[in-house]
Amino acid sequence: MISARPLDSIPAFTSFSAKLIGPAGALQPSPFWPTVPLIIACGALSGFHSLVASGTSAKQLKEENDALFVGYGAMLVEGFLATLVIISIASFGAAALGDKLMATPALGRFVNSFALMVSTNLPFLPMSFMTLFTAVWVSTFALTTLDTTNRLGRYIVQEMAEPLKEKNPSTYKILSNKWVASVVIAFLGIFLAWSGGYNTMWPAFSGANQLLASVVMLTMAIWVKKKLNPKYVMSVLIPAAFLWITVTVALIWYEIVIVPVFFADATKTMNIITGVIVGVINLFMLILNFMMINSFLKNYKLKPETA
């Protein structure tokens with residue numbers, strides 16, 4: 001990138017409310033706020049990873065002080081990757097492939113653009129090789145994520161079956177079986193991929209992910225105030241409050257604007273099913289969200305010895 005000094009060949013600005021979210025063929029105008037901050041936050045701040053890392057980071061780090069170096073370094077690397085994606089598509093892919101690039105699925109845009117960027121500046125690495133290499137590289141990210149999420153999903157299914165342990169032992173034994181629980185989650189993932197429903201649920205997941213991140217940050221604010229040092233609490237509370245407000249507005253906007261679109265065409269059964277599922281889950285998250293903030297406000301006001 002540095003040696004080629006490419007120039008962007010796509011406009012720096014298109015719209016503050018591009019049509020990004022909604023069912024296929026009926027994308028709705030998505031306002032810059034609160035949707036774009038959620039997209040950016042997903043790269044730098046992830047509630048999902050706060051759950052995953054809580055069990056893995058403790059085993060991977062030699063001591064707690066290493067967490068700052070490793071965590072901050074990982075954030076910088078992910079930011080660099082995001083920059084790489086933007087530059088490769090805006091400067092190389094768009095210039096060489098034009099409209100053909102935008103007709104390609106999102107993942108293919110990066111694969112083709114990055115391969116073109118590298119092969120252009122390093123001629124001994126042919127385009128065909130770099131395309132395959134980049135596709136495998138990106139797939140590795142996806143496969144590790146799928147492996148982790150499927151395992152976590154299995155745990156959740158097993159925990160949800162826990163109330164049946166005494167009431168219905170035979171059903172509990174089936175649902176708590178690691179193979180059965182894994183198949184249930186894998187089936188849901190395959191169903192979403194085949195039906196295309198994941199394209200619709202992904203923005204909702206973004207909101208859920210950042211909602212969880214805001215819960216983590218608000219919890220950290222209480223810990224800083226009660227256990228660490230009250231004078232530092234605003235450094236955590238201000239970004240936590242911004243994130244919580246953004247996520248809450250986004251979830252309300254999604255429920256009011258996006259969910260009704262699924263029911264616009266009564267002939268599309270899959271859209272209606274997806275709308276019901278996403279609408280109920282989103283509404284449930286909103287209810288839990290306000291219950292959580294109420295609990296936070298109560299605990300934040302308590303004295304250190306009672307919090």
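A short reminder: the numbers here are calculations on the coordinates, not readings from a lab. Quick caveat: nothing in here was measured; it's all calculated off a predicted structure. We place every Cβ from the backbone using ideal geometry, glycine too, and count neighbours over all the protein chains shown.
Name the residues of the stretch 134-148 whose amide N is less than 17 Å from a point 7 angstrom out from the Cα of Ile190 along the C-beta direction?
146-147
Over the stretch 196-307, what relative contact order in percent results from Cα pairs under 8 Å that are six or more residues apart? Numbers along the way, then the final one.
Numbers: 73 pairs, mean separation 33.5, N = 112.
After rounding, I find 30 percent.
Specify which residue in the list Ala181, Pro34, Val257 is farthest towards the positive end of the charge dipole of the chain, using unit charges on the beta carbon of Lys, Arg (+1) and Asp, Glu (-1), about the Cα centre.
The listed residue farthest towards the positive side: Ala181.
Suppose a student asked you for the relative contact order of the chain, using Cα pairs under 8 Å spaced at least 6 residues apart; what percent would you report? Show your work: numbers first, answer last.
Details: 259 pairs, mean separation 61.6, N = 307.
Taking the mean separation of contacting Cα pairs over the length of the chain, I get 20 percent.
In debye, nearest 20, what is the charge dipole magnitude of the stretch 151-274 about its Cα centre with +1 on Lys and Arg Cβ and -1 on Asp and Glu Cβ, if you could check?
Values: 11 positive and 5 negative charges, 120 e Å.
For this selection, approximately 580 debye.
Compute the separation of the alpha-carbon centres of the stretch 158-195 and the stretch 131-147 and state it in Å as a whole number.
Result: 27 Å between the Cα centres.
Per 10 Å bin, what is the whole-percent P(r) computed from every C-alpha pair distance within the stretch 140-193?
It works out to 26, 46, 21, 6, 0, in whole percents.
Exposed loop chymotrypsin sites (Phe, Trp or Tyr not before Pro) only (DSSP loop, at most 13 other Cβ atoms within 10 Å): please give the longest stretch of the chain free of them, not including the sites.
On the way: sites that count: Phe13, Phe16, Phe124.
Segment 125-307 is the longest.
With r as the distance between the Cβ atoms of Trp179 and Trp33 and R0 = 35 Å, compute the FRET efficiency 1/(1 + (r/R0)^6) and round to 0.05. Walk me through the numbers on the way to the answer.
Numbers: r = 45 Å, r/R0 = 1.27.
With a Förster radius of 35 Å, E is 0.20.
Label points 7 Å out from Cα along the Cβ direction at Ile238 and Thr148: separation in nm?
3.0 nm
Would you calculate the convex hull of the Cα atoms in the stretch 149-307 and tell me its volume per residue in Å³?
On the way: hull volume 24.1 nm³, N = 159.
Normalising the Cα hull of the stretch 149-307 by residue number yields 151 Å³.
Summing -39500 (n - 2.57) over the DSSP H runs of n ≥ 4 in the chain and dividing by its residue number, what mean residue ellipticity at 222 nm do you reach, to the nearest 500 deg cm²/dmol? Show your work: numbers first, answer last.
Details: 13 runs with 216 residues, N = 307.
Rounded to the nearest 500, it is -23500 deg cm²/dmol.
Can you work out the Karplus-derived ³J(HN,Hα) for every residue in the stretch 214-231? Use 6.51 cos²θ - 1.76 cosθ + 1.60 with θ = phi - 60°, whole Hz, and x for glycine or proline.
These are the phi-based 3J(HN,Hα) values: 5, 4, 4, 5, 5, 5, 4, 4, 5, 4, 4, 5, 8, 10, 8, 7, x, 6 Hz.
Looking at this model, which pairs from Lys231/Lys298; Lys227/Lys301; Lys62/Lys225; Lys225/Lys298; Lys227/Lys298; Lys62/Lys303 are more than 25 angstrom apart at the alpha-carbon?
On the way: Lys231/Lys298 20 Å; Lys227/Lys301 14 Å; Lys62/Lys225 27 Å; Lys225/Lys298 14 Å; Lys227/Lys298 17 Å; Lys62/Lys303 34 Å.
Listed pairs above 25 Å: Lys62/Lys225; Lys62/Lys303.
Jot down the per residue volume, in cubic angstrom and as a whole number, of the convex hull over the alpha-carbon atoms of the stretch 217-276. Could you put the intermediate results ahead of the total?
Numbers: hull volume 4.4 nm³, N = 60.
About 74 Å³ per residue, rounded to a whole number.
To the nearest 20 debye, what is the magnitude of the charge dipole of the chain about its Cα centre, counting +1 on the Cβ of each Lys and Arg and -1 on the Cβ of each Asp and Glu?
Numbers: 20 positive and 13 negative charges, 121 e Å.
That gives the chain a dipole magnitude of about 580 debye.
Separation between the Leu51 and Thr171 pseudo-spin-labels, each 7 Å from Cα along Cα→Cβ, expressed in nm?
2.3 nm
Using the Cα gyration tensor of the stretch 160-243, with a ≥ b ≥ c the square roots of its eigenvalues, what is the shape: rounded (a/c below 1.5), prolate (a/b larger than b/c) or oblate (neither)?
Working: a/c = 4.83, a/b = 1.68, b/c = 2.87.
Judged from the Cα gyration tensor, the stretch 160-243 comes out oblate (a/c at least 1.5, b/c at or above a/b).
Could you give the longest part of the chain that holds none of the GluC sites (Glu not before Pro) found in DSSP loops with at most 14 neighbouring Cβ atoms within 10 Å? It would help to have the intermediate numbers written out before the result.
Details: sites that count: Glu63, Glu64, Glu305.
Here the longest run is 65-304.
Let me check I have the definition right: for the chain, take the eigenvalues of the Cα gyration tensor, multiply each by 5, take square roots. What are those semi-axes in whole Å, largest first?
Numbers: eigenvalues 243, 148, 106 Å².
Largest first, the chain gives 35, 27, 23 Å.
Using 0.36 nm per residue of separation minus the Cα-Cα distance, give me the extension gain between Met127 and Met75 in nm, one decimal. Before the final figure, lay out the partial values.
Working: separation 52, 0.36 × 52 = 18.72 nm, distance 2.95 nm.
Stretched fully, the Met127-Met75 segment lengthens by 15.8 nm.
Set the Förster radius R0 to 25 Å, insert the Cβ-Cβ distance between Leu68 and Ile40 as r into 1/(1 + (r/R0)^6), and round the FRET efficiency to 0.05.
Details: r = 22 Å, r/R0 = 0.87.
Calculated value: 0.70.
Under a 5 Å amide H to amide H cut-off, with H placed in plane at 1.01 Å, what residues pair with Leu20 once short-range neighbours are removed?
The list, which skips near neighbours in sequence, is Gln28, Ser30.
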